[in-house]
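Beneath this line is the structure, given in structure tokens, with notes to follow.
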């Protein structure tokens, strides 16, 4: 029995010879083909070749004015005419006719205060003036009658038709009437001045714009107590804050060491952080004749040559001081790259774009030099990545490794 069990453990060579053919079925060959395709793909991707270590830079936009800029400075847009408009008297605000952003003209009514008492004072002063004028007319009539009597008695006294006492009485009456007219005239002048004063007090209850401007902030509303002093609890000192938008200038600090690069009337280019794609023409308006010893700087004011409604007070700004005026055609930015990225091949210009860690050869049309950069007329766009300081063996399709900068 033991021998029979051992015989069962023997290998059937005929079956072993037939088994390899069965293992190499369709699945086996499919796996082999897939492996070959994967290996070819990895080879094409460069996984079996070493990557080129290269330096990379970005294609950028450059304004031509950057090539003749002598100095750069930063600052803020400031309104040179700005006012916190308030009333000249204390009172309760009953109406306000403007809001933030409202355009106002000089003399326009901005707000009104309660004015019942001042209106009554105006009416009283007007009535007093009318009474004084009536008294003046009455005094003038009495003076006229006294003068006639005086002239008649003087003539009759010369002819000895009246006594001296009658003449003296008419003369005294004439002088009293004349003095009464002078007093009445003075009263009219006093009441006229009182009426003007009452009207001025009434005008103080009306808040008007001191110049053409735009409302920046509204500091009070109907029902608030406004006062020029602002010491009372919950009282507002200013009704609105306004600014003349035609007086906007950029104020920047220029270091004392760079002051020789600027002069009054010098052309400038202004860039606002709010509008990074726009450039505004400017001109140096003033160099403030004093220095800040703590910062070793001098305040410089630059005016806008062209007005733009988008420009607002307190905007951040950068100013480029130029050595000459910007010519026609120099207002728009140009696409530029580092000259070391350009490869010249038989008069044709090429660069290597970086796309997914691969070098892609790209033909370009190069323009003139702008400072130390090369202008690109065709073939590239701002933001593209290109290889600089080109390795001699680099070719299209090679795998790249970006060098740390």
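Since every read-out is calculated from the coordinates, none of them should be taken as a lab result. All values reported here derive from a predicted model rather than from experimental measurement. All Cβ positions, glycine included, derive from the backbone under ideal geometry; neighbour counts span all protein chains shown.
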Checklist entry - Where does helix 26-44 land angle-wise versus the long Cα axis of the chain, in degrees 0 to 90, nearest 10? => result 50 degrees
Checklist entry - Normalised by the residues of the chain, what does the relative contact order come to in percent, with Cα pairs under 8 Å and at least six apart? => result 26 percent
Checklist entry - the chain: D in µm²/s via Stokes-Einstein (Kirkwood Rh, Cα pairs, 4 °C, 1.567 mPa s)? => result 40 µm²/s
Checklist entry - Which of the peptides 168-174, 255-261 is most tightly packed, and how do the rest follow, judged by the mean count of other Cβ atoms within 10 Å per residue? => result 168-174, 255-261
Checklist outcome for this item: With Rg from the Cα atoms and Rh as the Kirkwood inverse mean 1/r over Cα pairs, region 251-405 has an Rg/Rh of 1.12
Item to check | Net lengthening on full extension, residue 190/residue 287 (0.36 nm per residue, minus Cα-Cα) | outcome: 29.7 nm
Item to check | Length-normalised contact order for region 116-203 - Cα pairs under 8 Å, 6+ apart - percent | outcome: 53 percent
Checklist entry - Can you give me the pair-distance distribution of region 116-203, C-alpha pairs, 5 Å bins, whole percents? => result 3, 16, 16, 13, 12, 9, 9, 7, 6, 4, 3, 2, 1, 0
Next on the checklist: As an exercise, use a Förster radius of 45 Å and the Cβ-Cβ distance of residue 67 and residue 345 to find the FRET efficiency, rounded to the nearest 0.05.
Outcome noted: 0.95
Next on the checklist: Give me the percent relative contact order of region 284-405, please, defined on Cα pairs under 8 angstrom at least 6 residues apart.
Outcome noted: 20 percent
Item to check | Between helix 13-23 and the chain: long-axis angle, C-alpha atoms, 0 to 90°, nearest 10 | outcome: 30 degrees
Checklist outcome for this item: Taking r as the C-beta separation of residue 264 and residue 308 and R0 as 25 Å, the FRET efficiency to the nearest 0.05 is 0.60
Item to check | Histogram of C-alpha separations across region 215-297, 5 Å bin width, % | outcome: 3, 10, 14, 14, 11, 11, 11, 11, 10, 5, 1, 0
Checklist entry - For the chain, what is the calculated [θ] at 222 nm in deg cm²/dmol (nearest 500), taking -39500 (n - 2.57) for each run of four or more DSSP H residues and dividing by its residue count? => result -10500 deg cm²/dmol
Checklist entry - So, in nm, how far is label residue 325 from label residue 222 when the simple model puts each one 7 Å beyond its Cα toward the Cβ? => result 5.3 nm
Checklist entry - Going by alpha carbons, how many degrees (0 to 90, nearest 10) lie between the helix axis of 116-158 and the longest principal axis of the chain? => result 30 degrees
Next on the checklist: At a 10 Å Cβ-Cβ cut-off, how would you order 285, 325, fewest neighbours first?
Outcome noted: 325, 285
